[in-house]
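One structure is given here, and the rest of the page talks about it.
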Amino acid sequence: MKKNYSIIIPHHNTPELLKRCVSSIPERDDIDVFVIDDNSNAKHIQTIKDVCNRKNIKLTFTTEGLGAGYARNVGLKQIQSKWVLFADADDYFMPNAWEYMDAHLNDTADIIYFHSTCRFSDTGELGDRHEQLVKKIDAYIKTPNETTEGVLRYNYNEPWGKMIRAKTISENNLFFEQTRWANDVHFCTMVGACAKSISVDTSEIYCVTITHGSLIHQHSLESRKCRYEAILRNNAYLRKIGKPQFQDSLMYSLKWAAKLGGLKAVFEFIRLGKKYDADFSIGASNWFKNFFRSLNDYKGKKKYITK
């Protein structure tokens, strides 16, 4: 039977959350689920095998410990389907997700963006990690033009919450960066650039969670530098393809450099930026507004942050 969907899930040391994730995916013959374990501790191995003991789940153990980007690339080499989706092991799909996605099986678009939602993983309370992505979709629906479409193509920097045509990935030899943090930023931008056309649907298909110790909540100077360099590389790519107006502002990274490493770290970040011919004036008109808004980014989430 021809496969309609491949879902790629990188995993590391969270088998109970992985169980919730794979349980949200139906056991259908047209769905392949690729769980790529990124060198989990030996004590978790049997539980991971038990969680993945399903006929449409293909489990791969890797021992290199090179992170989620590497794990996703391992999954990409195995797909044989029409559409590709990505999920993080601590997230899950919404109950009606497959009904909504099945309605788009024969769409001609190369990417279909959906609404998502967010919950705190431990309490189930509503979070906010989805809000900016929903706003980007709604802006395109309200005013479809080159700018709002470009924001989706080049600034929707999460691999989940969308259906991606497998041919768009394979024919353009797209892959994830093998970095510990922000491995998905450049992949998402390249997919958006290579897509012949895109589409949107306001149905909620995915729940991204706020989980203690997850990569997004790891804040150290090392992690911030890694994320910053991912932005610098991606901005350079956007300039190369003639889309400089969609570059990310560097202000947020400089703020974290100051907070975590003081002036010495700020000067180091500036030197790095100059290596990539970075434009530090991007978004300058909104710097002050966004700076003070960013002070509340982790309000109510401090217990979920690790260094």
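The values are calculated or read from the model by the stated rules, or taken from the named source; none is laboratory data. Here the structure is a predicted model, which is why all the values come from computation and not from measurement. FYI the Cβ positions are ideal-geometry reconstructions off the backbone, even for glycines, and counts take in every protein chain you see.
Numbers below:
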read-out: Residue in the range 259-282 that is acidic (Asp, Glu), at pLDDT 90 or above, assigned by TED's automatic domain parsing to the domain that holds residue 176 and on the phi < 0 side of the Ramachandran plot present; value: no
read-out: Condition check for residue 42: of a type in the set (Gly, Ala, Ser), over 21 Å from residue 170 (Cα atoms) and at pLDDT 95 or above; value: yes
read-out: Checking residue 52 against (1) surrounded by fewer than 15 Cβ atoms within 10 Å (Cβ to Cβ); (2) modelled with pLDDT of 95 or more, the condition it does not meet; value: (1)
read-out: Neighbours by Cβ (under 6 Å, 6+ apart or cross-chain): first from the range 109-121, more than 24 Å from residue 18 (Cα to Cα); second part of a strand (DSSP E or B) and not charged (D, E, K, R); value: 109/198; 109/199; 111/164; 111/198; 112/163; 112/199
read-out: Every residue from the range 148-169 that is among the polar types (S, T, N, Q) and touching a residue at least 24 places away in the same chain (Cβ under 8 Å); value: 155, 157, 168
read-out: Search result, residues across the range 143-200 that are touching a helix residue (DSSP H, G or I) at 6+ places or on another chain (Cβ under 7 Å), part of a helix (DSSP H, G or I) and under 23 Å from residue 117 (Cβ atoms); value: 148, 151, 152, 153, 155, 185, 191, 192
read-out: Subset of the range 237-257 (residues that are surrounded by 14 or more Cβ atoms within 10 Å (Cβ to Cβ) and part of a helix (DSSP H, G or I)); value: 237, 238, 239, 246, 251, 252, 253, 254, 255, 256, 257
read-out: Selection status of residue 113, closer than 24 Å to residue 174 by Cα, in contact with a helix residue (DSSP H, G or I) (Cβ under 7 Å, 6 or more places away or on another chain), hydroxyl-bearing (Ser, Thr, Tyr) and surrounded by 15 or more Cβ atoms within 10 Å (Cβ to Cβ); value: yes
read-out: Pairs where the first residue, in the range 231-260, is within 16 Å of residue 152 (Cβ to Cβ) and the second is of a type in the set (Gly, Ala, Ser), C-beta under 7 Å, 6+ apart; value: 241/193; 243/150; 246/150
read-out: In the range 122-135, the residues that are touching a residue at least 12 places away in the same chain (Cβ under 8 Å) and either in contact with a helix residue (DSSP H, G or I) (Cβ under 6 Å, 6 or more places away or on another chain) or assigned to a loop (DSSP other than H, G, I, E, B) (or both); value: 122, 127, 129, 130
read-out: Filter result (more than 30 Å from residue 125 (Cβ to Cβ) and in contact with a Cys (Cβ under 9 Å, 6 or more places away or on another chain)) within the range 166-212; value: 168, 169, 171, 172, 174, 179
read-out: Residue within the range 35-49 that is crowded, with 20+ Cβ neighbours inside 10 Å and in contact (Cβ under 8 Å) with a residue 60 or more places away in the chain present; value: no
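Residue-by-condition table, conditions (1) in contact with a Phe, Trp or Tyr (Cβ under 8 Å, 6 or more places away or on another chain); (2) buried (at least 17 other Cβ atoms within 10 Å of the Cβ):
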{"residue": "15", "(1), (2)": "no, yes"}
{"residue": "21", "(1), (2)": "yes, yes"}
{"residue": "29", "(1), (2)": "no, no"}
{"residue": "65", "(1), (2)": "no, no"}
{"residue": "69", "(1), (2)": "yes, yes"}
{"residue": "78", "(1), (2)": "yes, no"}
{"residue": "83", "(1), (2)": "yes, yes"}
{"residue": "93", "(1), (2)": "yes, yes"}
{"residue": "100", "(1), (2)": "yes, yes"}
